Amino acid sequence: GIASFGPAGVDPKSKDQYGKILSGSPKKQWRGVDILSPIKEACGLMGEELEKRVAFDTDCNAPALAEFQHRCWQQQQQEQSSKTSSSKPLTSLSYITIGTGVGVGLVLNSQPLHGLLHPEGGHICIQPLPDDKFTGYSWGAKSPYKGLGTVEGVASSVALTERWIQMEQEREMVKKLYGKGSGGSGGNGSSPSRKRDEEQEEQSSKISMNDNNNGDNAQTREILSTLPNSHPIWLHASNAIANLCVSLLLLTSCQKIVLGGGIMKRDILYSMVRSRVWTLLNGYLDSVEELSDERKLEDVIVGSSWEEVGSGLVGAFALALDAYEKDGEEEEGEEEGRTSLLDSDASGKKKTTSE
């Protein structure tokens, strides 16, 4: 089982694209790279029969499948222990990963969604916060809407880092225009706000603002882990993620939304996202029991079951298990077909015991 970042070719019938990173990827060095073939060759899985044991999907759809199967199993266990059946069996789930990019995996009617390609929900437009001055992120040139006002263009670690850089540059400009002490309390005291400013200034001084130092730089992105929960960046991130959750609820009516990825290690975001979802829904889905109260969103918008292990890794195992089971079912079906043929006479009629 292989779970890869996208956009990737996930349709086995598309021989030119299957198992490859597509040309639309913002990661230039990865465009057109064949992920699947070298792995199959290394594992000795070349050939039509052996290829049935291989599964390839995105690192969003694969965790979505794993989360869905795990939560279905949990639901069954709960029903067995309580000896009552759930009125709403789980049939749909969305998995959102927020990292250097934003991806969405979907399971609808108990099946991963593919269609024309695979879900690319991280690129849908959002309603930005009032007076948002962010000019867009560097990956936007190759993204839908040029990355302006999209989920990934606001909430990804690349976008958040570049927003921070933009804010720091504006702060430096104000400092140059009005002096270091402008806007303060007028004295030389050490107020809490001044201390915070000094700490932030020390952090920003470690990173030089140049054309190569943007959110695409992994070292630069490390600044996000040093920012306090009160930093305005997290308001923008939670708003973008909440917009995506609302869109998924309205479009797919999914029963669970699982949030994962590096950005969601900032625990404060979960409550911020749920609160913003409640505000954005504006009471429209109050008639749905699971969405009738803001507190109930804690059971709808949840964290990943395997974030510490790695949701993508568990997703890859889920793909492998599915491929193994499907291959076993096919072999069993072929065996039954051969048995049926042996039990028939030359005319194709089933032999009787007396014969």
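The values are calculated or read from the model by the stated rules, or taken from the named source; none is laboratory data. Since the structure is predicted, the reported quantities are computational estimates derived from the model, not experimental observations. Note: ideal-geometry Cβ built from the backbone for every residue, glycine included; neighbour counts use all protein chains shown. Quick note on the areas: whole protein, heavy atoms, side chains included, nothing else; ligands and nucleic acids left out. Shrake-Rupley method; radii C 1.70, N 1.55, O 1.52, S 1.80 Å.
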If you go through region 270-279 one residue at a time, do you hit one that is aromatic (Phe, Trp, Tyr), farther than 13 Å from Leu249 by Cβ, surrounded by 14 or more Cβ atoms within 10 Å (Cβ to Cβ) and in contact (Cβ under 8 Å) with a residue 40 or more places away in the chain? no
Tell me whether region 47-70 contains one or more residues that are assigned to a strand (DSSP E or B) and touching a helix residue (DSSP H, G or I) at 6+ places or on another chain (Cβ under 8 Å). yes
Going residue by residue through region 22-31, is there one that turns out to be buried (at least 18 other Cβ atoms within 10 Å of the Cβ), in contact (Cβ under 8 Å) with a residue 24 or more places away in the chain and closer than 25 Å to Gly261 by Cβ? yes
Counting only residues that are surrounded by 11 or more Cβ atoms within 10 Å (Cβ to Cβ) and part of a helix (DSSP H, G or I), region 32-44 contains a total of 5
So which pairs qualify, if the first residue must be in region 207-220 and farther than 9 Å from Val158 by Cα and open to solvent by 30 Å² or more (accessible area, probe 1.4 Å), the second must be at pLDDT below 75 and not hydroxyl-bearing (Ser, Thr, Tyr), the Cβ gap must be under 9 Å, and the two must be at least 6 apart or on different chains? Gln219/Ile207; Gln219/Asn213
Quick one: is Ile96 within 21 Å of Ser253 (Cα to Cα), among the aliphatic types (A, V, I, L, M) and open to solvent by less than 20 Å² (accessible area, probe 1.4 Å)? yes
Does region 255-269 hold any residues that are part of a helix (DSSP H, G or I) and open to solvent by 30 Å² or more (accessible area, probe 1.4 Å), and which are they? Gly262, Lys265, Ile268
Filtering region 240-254 down to residues that are assigned to a helix (DSSP H, G or I), open to solvent by less than 20 Å² (accessible area, probe 1.4 Å) and either more than 8 Å from Val277 (Cα to Cα) or touching a His at 6+ places or on another chain (Cβ under 7 Å) (or both) yields Ala240, Ile241, Leu244, Leu248, Leu249
Return only the number of the condition from (1) surrounded by fewer than 16 Cβ atoms within 10 Å (Cβ to Cβ); (2) in contact with a Ser or Thr (Cβ under 7 Å, 6 or more places away or on another chain) that Gln111 does not satisfy. (2)
Please count how many residues of region 242-290 are closer than 20 Å to Gln127 by Cβ, of a type in the set (A, V, I, L, M, F, W, C) and out of contact with any helix residue (DSSP H, G or I) (no Cβ under 8 Å at 6 or more places or on another chain). 2
Verdict on Tyr270 being hydroxyl-bearing (Ser, Thr, Tyr) and modelled with pLDDT under 95: no
Condition set over 11 Å from Ala62 (Cα atoms) and surrounded by 15 or more Cβ atoms within 10 Å (Cβ to Cβ), scope region 317-333, selection modelled with the lowest pLDDT: answer is Asp327
Confirm whether Asp267 is free of Cβ contacts under 8 Å to residues at least 24 places away in the same chain, over 25 Å from Asp59 (Cα atoms) and charged (D, E, K, R). no
Mind checking whether some residue in region 73-81 is surrounded by 14 or more Cβ atoms within 10 Å (Cβ to Cβ), closer than 19 Å to Val10 by Cβ and either modelled with pLDDT of 80 or more or not aromatic (Phe, Trp, Tyr) (or both)? no
Somewhere in region 223-234, is a residue farther than 30 Å from Pro89 by Cβ, among the small types (Gly, Ala, Ser) and either modelled with pLDDT of 75 or more or open to solvent by 40 Å² or more (accessible area, probe 1.4 Å) (or both)? yes
Looking only at region 282-302, filter to residues that are open to solvent by less than 30 Å² (accessible area, probe 1.4 Å) and in contact with a Phe, Trp or Tyr (Cβ under 8 Å, 6 or more places away or on another chain); which one of those is nearest to Gln69 (Cα to Cα)? Ile301
Which residues, taken from region 45-57, are touching a residue at least 24 places away in the same chain (Cβ under 8 Å) and open to solvent by less than 50 Å² (accessible area, probe 1.4 Å)? Val54, Ala55, Phe56, Asp57
Residue by residue through region 122-175, note down the ones that are open to solvent by 60 Å² or more (accessible area, probe 1.4 Å), part of a helix (DSSP H, G or I) and of a type in the set (S, T, N, Q). Gln169
Which numbered condition Glu152 misses (of (1) touching a His at 6+ places or on another chain (Cβ under 8 Å); (2) farther than 23 Å from Met264 by Cβ): (2)
